[in-house]
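One structure is given below, encoded as structure tokens.
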Amino acid sequence: MSETCGDDIVRASGGDHRPWSPPAREADPSSTGPADPFTCMEEVDLFADLTAAEIEAMHLMVPERRFGPGELVYSPAQPVTALFILKTGRVRVFRVAEDGRALTMAILEPGAVFGEMLLLGQQMYDNYAEAIEHSTICQLTSEEVERYLIADPRIAVRISRILGAQVARLEDRLLDLALRPLSARAAKTLLALAEAAPQPRFGPAPPVRLTHEQLAGLLGATREATSKTMADFAAHGLIKQGRGRIAVKDAEALRVIARRTS
């Protein structure tokens with residue numbers, strides 16, 4: 001790296017020598033259009049306390065990969081010790097039971113952070129991560145996470161908060177699986193997915209883009225039981241179904257169902 005380039009990076013990060021100040025990223029020879037103004041860092045809670053200049057400096061060191069629908073990001077057969085940041089698209093994290101059924105752990109939207117990071121309390125043993133549409137994903141190795149993220153106290157504090165929120169969500173899901181009927185779990189899941197999806201500035205909220213099979217994996221139920229529940233919701237005007245899309249029409253009624261315990 002040239003001395004001039006190094007000076008540019010230091011200035012971009014505010015003048016102080018951050019542990020993650022990277023060299024400039026080489027230009028992608030396959031790129032023909034203008035640079036993408038969105039970086040993997042901009043809409044990620046983990047980096048919310050960084051300045052725009054610091055985010056740009058960090059972005060220089062983070063490589064991007066593109067995945068097509070159905071392509072695995074990682075699997076038990078191809079484990080990767082890394083932290084992934086979802087830039088565009090959606091990713092399904094799931095496990096496969098001994099009987100062959102897939103249990104979906106999460107459907108991730110842009111901005112999500114996931115992967116195998118013992119330093120962050122995340123593990124992907126026996127987990128699969130699959131792109132369910134065309135997706136762009138940034139990747140950091142464990143060494144880069146320890147050097148660049150844990151070393152920055154602002155990010156370290158965010159990590160502890162994110163881990164606490166993850167534990168709370170898992171406990172809530174386990175409670176639902178143990179105590180709530182399928183209709184309540186389905187209603188709660190649809191509401192959560194609708195709220196998590198990127199919201200447009202104008203117009204109606206976008207539909208939940210999931211097949212019944214994918215939704216069944218989230219609910220820990222069979223596809224047949226899930227389809228029956230969705231048909232019942234649609235018959236009562238609570239949702240409107242399309243091919244791989246479920247639009248919430250009566251959120252208040254779904255909230256009432258989501259609170260049921262029998």
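If you take the residues in region 243-256 that are outside any loop (DSSP other than H, G, I, E, B) and open to solvent by less than 50 Å² (accessible area, probe 1.4 Å), which one is nearest to residue 106 (Cα to Cα)? If we take residues in region 243-256 being outside any loop (DSSP other than H, G, I, E, B) and open to solvent by less than 50 Å² (accessible area, probe 1.4 Å), then 246 is nearest to residue 106 (Cα to Cα). Filter region 195-232 down to the residues that are surrounded by fewer than 17 Cβ atoms within 10 Å (Cβ to Cβ), outside any loop (DSSP other than H, G, I, E, B) and within 22 Å of the chain's Cα centre (by Cα) and list them by number. Passing the criteria: 195, 196, 213. Of all residues being exposed (fewer than 14 other Cβ atoms within 10 Å of the Cβ) and over 17 Å from the mean Cα position of the chain (by Cα) in region 56-87, which is farthest from residue 130 (Cα to Cα)? Just the residue, please. Only one residue tops the list, namely 63. Given the residues 169, 161, which is the only one that is within 17 Å of residue 258 (Cβ to Cβ), open to solvent by 70 Å² or more (accessible area, probe 1.4 Å) and in a helix (DSSP H, G or I)? So the residue among 169, 161 that is within 17 Å of residue 258 (Cβ to Cβ), open to solvent by 70 Å² or more (accessible area, probe 1.4 Å) and in a helix (DSSP H, G or I) is 169. Only a single criterion out of (1) in contact (Cβ under 8 Å) with a residue 12 or more places away in the chain; (2) of a type outside the set (Gly, Ala, Ser); (3) more than 17 Å from residue 45 (Cα to Cα) is not satisfied by residue 152, namely (3).
The values are calculated or read from the model by the stated rules, or taken from the named source; none is laboratory data. Everything quoted here is computed from the prediction, not taken from an experiment. Neighbour counts run over all protein chains shown; Cβ positions are idealised from the backbone, glycine included. In case anyone asks, the SASA skips ligands and DNA or RNA and just uses the protein heavy atoms, side chains included. Shrake-Rupley method; radii C 1.70, N 1.55, O 1.52, S 1.80 Å.
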